[in-house]
Amino acid sequence: MALLADVPSWLSVSFARDAAVGLAVTATVLLVCSMFLMRSVVARVLSIVLLGCAVVGLLHYRAVLEHCDKNGRACRLFGQELEGGGCKQ
């Protein structure tokens, strides 16, 4: 399978881990804001479910990155190995 592009050199395992945490914190802040700013109960529940799933997914991805980094296996993003840690250097 041919790749269309390579991931940038600045996209390392540590950057991806930090970005996942930053996005999870941002989604949590949006979650709290949406609970107070939305008037519709249906919109509140829908936003809580969607943002909650996003936070859980991001934190799971961070745990996967930490696990592969500690075990020296290749950490992948979009089918390509990330630089740094126990991954391809």
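Given charges of +1 on the Cβ of Lys and Arg and -1 on the Cβ of Asp and Glu, with all other atoms neutral, how large is the dipole of segment 14-81 about its Cα centre, in debye to the nearest 20?
So the dipole magnitude of segment 14-81 works out to roughly 160 debye.
May I ask you to list the trypsin sites (Lys or Arg not before Pro) in segment 8-62 that are in a DSSP loop and have at most 12 other Cβ atoms within 10 Å of their Cβ? It would help to have the intermediate numbers written out before the result.
Values: sites: Arg17, Arg39, Arg44, Arg62; in loops: Arg39.
Sites meeting the loop and neighbour criteria: Arg39.
Report Rg/Rh for segment 14-81, rounded to two decimals, where Rg is the Cα radius of gyration and Rh the Kirkwood radius. Before the final figure, lay out each step's value.
Details: Rg = 15.0 Å, Rh = 13.2 Å.
When Rh is taken as the Kirkwood radius, the ratio is 1.14.
What is the distance, in nm, between label points placed 7 Å from the Cα along the Cα-to-Cβ direction at Val42 and at His67?
3.8 nm
Coordinate-derived values only; no laboratory data. Just so it is clear, the structure is predicted and the values come from calculations on it, not from any experiment. In this analysis, Cβ positions are derived from the backbone assuming ideal geometry, glycine residues included, and neighbour counts consider all displayed protein chains.
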